Amino acid sequence: MSAVPSEVRFHTTKFDTDEERGTAAALPAAQRQWMVENLLFEYPLFKEVSSEVARFHHPVVGGTHGTGAIGGVIGASRSGKSYICKHYAADYPVQVLEEGEKYPVVYLEARGDWTPYHFAEQVFMATGAKSVPSMKTPALITASQRRLLKVGTELVIIDDSHFLLLETKGRVQATFKSLVKGIADIGSCNVLLAGLPGLQAFIEGADQLNGSGDFPHWETKPLRWEIEDEREQFMLLLHGIDRRLPFLKLSGLANPSKAADFYHGSEGKIGRVMNIIADAALRAINDGTACIMMEHLQAAAIIRMKVGETYRPFYDNRSGESA
């Protein structure tokens, strides 16, 4: 099996037969590591929010893309926002046309240390520019917006946008607000902001942003263990992940007692679930085991315990011995 193509960003293939699992388990360690670290299972909420993002991008099937609106994917940290946004962007790679390259969907992952200048820089880099023009911030922002128009961008996704709009103040915050509004106002694309719950109230209180479509938004909510239907969804999620791990055997991640401990350690947030599973899976690959063993789960979970927490996931809490 050849190396993973650079344009492939996620591993979504399930292994349902002994032959398929045997082939996956026999792959080189680097490929198995890539599969674990880039594993993506499209669970029901993922599909639901992704379909709404698709409708925001293309309001009518077979029609043209939307323009001029600002929307959002809102949710707590590690609740799956980035999985959805990155996966959607990966479905729209760069297109090489006779008239040049087209970037239908541009994905930007904001950082807390970004200035408006950094944002404009990243627009150029994300759209294949070989260099960034040397000019002052206002001019570079304008040039970056023209760049999006030039490369045919239909949707700009700004992940972790709370860093730009909630965690800045004064003039910098005002510039970021103007910057986001300016992208929507070029009239060629929509803007999707992904961020923490406080982002919704902020946008609704900013007339210049809320006025661009009244901020349609979709939530990524953690599944709740106490609700039977959501508990079943959580266990199906674990089984779906298990079927995609490159091991000779299933690891039994959806076993009720294991599922309960996964929930305890993650509070139903998919990102935190994957942190534990990925760590445990890589330990299992190193140990050469046929699947993830209990000791791998224990080791991955124990180092992620919160300050003051006494319950140890995947252990018998009364004796401290393995469950």
Normalising by the residue count of the range 164-323, find the relative contact order in percent from Cα pairs under 8 Å and 6+ residues apart. 13 percent
Between residue 38 and residue 219, what is the spin-label point distance in nm, taking each point 7 Å from the Cα along the Cα→C-beta axis? 3.4 nm
Accessible area per residue, Å², the chain with all protein chains present, probe 1.4 Å: 49 Å²
Looking at the range 59-183 only, what percent of DSSP beta bridges run antiparallel? Nearest 5 please. 40 percent
Amide H contacts of residue 215 (H built 1.01 Å from N, under 5 Å, at least 5 apart or other chain): 70
P(r) for the range 1-137, please, calculated from all Cα pair distances in 5 Å bins and given in %. 2, 7, 13, 16, 17, 17, 13, 8, 5, 2, 0, 0
Give 102/169; 14/81; 150/221; 14/102; 221/306 a once-over and call out the pairs whose C-alpha atoms are over 30 Å from each other. 102/169; 150/221; 14/102
Less than 14 Å Cβ to Cβ from residue 179, Lys/Arg counted +1 and Asp/Glu -1: what total charge do the surrounding residues give? +3
Note: the chain at 10 °C, 1.306 mPa s; Kirkwood Rh on alpha carbon pairs; Stokes-Einstein D in µm²/s works out to 74 µm²/s
Would you work out the Kirkwood radius for the range 257-315? I mean one over the mean of 1/r across all pairs of different Cα atoms, in Å. 11.5 Å
For the chain, share of DSSP beta bridges that run antiparallel, in % to the nearest 5: 15 percent
Place a point 7 Å from the Cα of residue 115 in the direction of its beta carbon; the residues of the range 130-148 whose amide N falls under 14 Å from it are 135-141
List the aspartates and glutamates whose Cα sits under 12 Å from the Cα of residue 181, skipping any in the same chain fewer than 8 residues away. 207
Tell me the Kirkwood hydrodynamic radius of the range 77-141 in angstroms, computed as one over the mean inverse distance between distinct C-alpha pairs. 13.6 Å
Once ligands and nucleic acids are excluded and a 1.4 Å probe is used, how much of residue 224 is accessible, expressed in Å² to the nearest 10? 110 Å²
Can you put 277, 302 in order of accessible area, largest first, using a 1.4 Å probe? 302, 277
The correct ranking of 43, 315 by accessible area at 1.4 Å, largest first, is 315, 43
Packing-ranked peptide list from 289-297, 68-76, 17-25, 108-116, highest mean Cβ count within 10 angstrom first, is 68-76, 289-297, 108-116, 17-25
Charge context of residue 112, other residues only, Cβ under 11 angstrom, K/R +1, D/E -1: -2
Expressed as a whole-number percentage, the relative contact order of the chain with C-alpha contacts under 8 angstrom and at least six residues apart is 22 percent
Value of relative contact order over the range 42-185, rounded to a whole percent, pairs C-alpha under 8 Å and six or more apart: 25 percent
In square nanometres, what is one fourth of the surface area of the convex hull spanned by the alpha carbons of the range 196-313? 9.9 nm²
Any idea what the dipole of the chain comes to, in debye rounded to 20, about its Cα centre with Lys/Arg Cβ at +1 and Asp/Glu Cβ at -1? 800 debye
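The values are calculated or read from the model by the stated rules, or taken from the named source; none is laboratory data. For clarity, every value in this text was computed on a predicted model and none was experimentally measured. FYI the Cβ positions are ideal-geometry reconstructions off the backbone, even for glycines, and counts take in every protein chain you see. Calculation scope for accessible area: heavy atoms of the full protein, side chains included, ligands and nucleic acids excluded. Shrake-Rupley method; radii C 1.70, N 1.55, O 1.52, S 1.80 Å.
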